[in-house]
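Contents: one structure, followed by commentary.
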């Protein structure tokens, strides 16, 4: 398993060396449940940030430390002022890091780019299907959420109707 604390400190040092000012990070977390993302940066209500890194990056021997650092830096750059989206300043900072340190930091990175040739995120089965009574539009959900619990209060984005029919299923839709 990779030394997360050491990698994190190296990333913070490299960003600082280029004069990039990051925001205040309240919490770092290793996400043991993440199946379809490498990392996540969330801005808290008080203006601080919490960063999650997928455990897969740290425990999979096929993923290099460099690939792991690219994800950590990707998330750290989101804490910079005006960088929550992958545009403008975030993109400029990512390019600076790529040029200086030979990274490949970008918006989305595939498993193959991380060195995991056969990596495929686990796909959950569709559990809920909602059909609009007005226009027949279908909405698929894989897990419980506010929408699945309170769907009667939501309007259809296509026709505006609030007439939903809910069906719970136990198999995948292709």
(message) Can you compute the helix-only [θ] at 222 nm over the chain? Use -39500 (n - 2.57) per DSSP H run of at least 4 residues, normalise by all residues, nearest 500 deg cm²/dmol.
(response) -8500 deg cm²/dmol
(request) Would you mind ranking 103, 150 so that the residue whose beta carbon has the fewest other beta carbons within 10 Å leads the list? (result) 150, 103
(request) Could you tell me which label, among (1) 16.5, 50; (2) 20.9, 79; (3) 19.9, 58, carries the value of Rg and Dmax of the Cα atoms in Å calculated for this structure? (result) (3)
(message) Only Cα pairs within less than 10 Å get springs; with that Gaussian network setup on the chain, which residue of 153, 128, 101 has the largest fluctuation?
(response) 153
(request) Report, in degrees rounded to the nearest 10, the 0 to 90 angle that the Cα long axis of helix 65-77 makes with the longest principal axis of the chain. (result) 70 degrees
(request) Quick one: angle between helix 4-17 and the longest Cα principal axis of the chain, in degrees between 0 and 90, rounded to 10, please. (result) 70 degrees
(message) Using the basic label-point model (7 angstrom from Cα toward the beta carbon), what is the residue 126 to residue 158 distance in nanometres?
(response) 1.3 nm
(request) Within region 1-35, which residues have the backbone N less than 14 Å from the label spot 7 Å out from residue 58 along Cα→beta-carbon, could you tell me? (result) 1-9, 27-34
(message) When a/c reaches 1.5 or more, the comparison of a/b and b/c decides; with that in mind, is region 4-101 rounded, prolate or oblate per its Cα gyration tensor?
(response) oblate
(request) Quick one: among 136, 111, 88, which has the greatest mean-square fluctuation in a GNM of the chain with alpha-carbon springs under 10 angstrom? (result) 136
(message) Need one number: nm distance between label points at residue 92 and residue 135, each 7 Å from Cα along Cα→Cβ, rounded to one decimal.
(response) 4.0 nm
(message) Using the basic label-point model (7 angstrom from Cα toward the beta carbon), what is the residue 110 to residue 84 distance in nanometres?
(response) 3.1 nm
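The numbers here are math on the coordinates, done by the rules we state, and not lab data. These figures come from a predicted structure and were not determined experimentally. Every residue, glycine as well, gets a Cβ built from its backbone with ideal geometry; the counts of neighbours run over all protein chains shown.
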